[in-house]
Ligand code: AMP
């Protein structure tokens, strides 16, 4: 059940209506790996620059199931850095800056002992980097990709190329609309399946998520968080994907029913991420906390 993630390890500066965090650990890969590690061991393939803070490594090392031997440090380069600002509804945000740094260089090196990885998550980064990395795993069992508005805008052709090679894609409501021109989550995802994947997950923030699969459609509500529990939504999408993929890798199945259940683990895992800036909250909790919240969620979401 070797799960591997590639993506960004970033330095984030985030503003919300109630607070601000300067240069905290972030990046798609960091959130995914931390979240997935509650469910299965996870291998990280990413690059950072010589400016990457030591404290950020220390935070990632607190997640016992995260293997950092594929984390490449490039002393002469700059770490990916991102700034974002949330609007009053805490759901929508704008990017204030994106300094690509190492993301503009060659993809990170993949350690030879990682080549047997079966479960691959291509967290958000340039789609041509995602595609190049994917080609190192010809014997993979299951590959899923994430993406973002920036790449849909500036690297659409590369993204469409990538979609021919993955089993699934996770993206949010506005990205699905941007990619397909369709304003309905289910119809947009069905259109995305025409590009190649077997399934697409459309994340709708506080309105939950929808799975569109060749074998059916499933819906999952969001965890009913209260106002004071939502400190910073950054990384919720990556943590959702981490909970989902970690669960699937631990189960060893990828059928429609397993995917449907994985949406619930993604939801519950991500519900902790939003309770702090950066990875602070995830670093405080244990698997027992996730299981406890899953029981509350099951009771709340019962039909
Ligand atoms: P999420 O809130 O799940 O969409 O993830 C936010 C994380 O994605 C932040 O920690 C950012 O560092 C990272 N991020 C922001 N923009 C990009 C981008 N263009 N490519 C890759 N990662 C990004």
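Taking the numbered list (1) within 14 Å of the ligand (Cβ to nearest atom); (2) farther than 27 Å from residue 18 by Cβ in turn, residue 113 passes all entries but (1). In the range 65-94, which residue that is at pLDDT 95 or above and exposed (fewer than 13 other Cβ atoms within 10 Å of the Cβ) is nearest to residue 228 (Cα to Cα)? Only one residue tops the list, namely 69. Consider residue 159 carefully, then state whether it is more than 10 Å from the ligand (Cβ to nearest atom), within 19 Å of residue 32 (Cα to Cα), within 17 Å of the chain's Cα centre (by Cα) and not in a strand (DSSP E or B). No: the conditions fail for residue 159. No other residue among 240, 199, 277 is within 16 Å of the ligand (Cβ to nearest atom) and within 25 Å of residue 176 (Cα to Cα) apart from 240. On inspection, residue 15 qualifies as over 18 Å from the mean Cα position of the chain (by Cα) and either surrounded by 15 or more Cβ atoms within 10 Å (Cβ to Cβ) or within 12 Å of the ligand (Cβ to nearest atom) (or both).
Of the residues screened, residue 16 is not one that is touching a strand residue (DSSP E or B) at 6+ places or on another chain (Cβ under 6 Å) and within 21 Å of residue 104 (Cα to Cα). In summary, residue 182 fulfils each of the numbered conditions (1) over 22 Å from residue 93 (Cα atoms); (2) touching a helix residue (DSSP H, G or I) at 6+ places or on another chain (Cβ under 8 Å); (3) more than 11 Å from the ligand (Cβ to nearest atom) with the single exception of condition (1).
The values are calculated or read from the model by the stated rules, or taken from the named source; none is laboratory data. What you see is a predicted model; the values in this text were computed from it and never measured. Because the Cβ atoms are built from the backbone with ideal geometry, glycine has one as well, and the counts that use them run over all protein chains shown.
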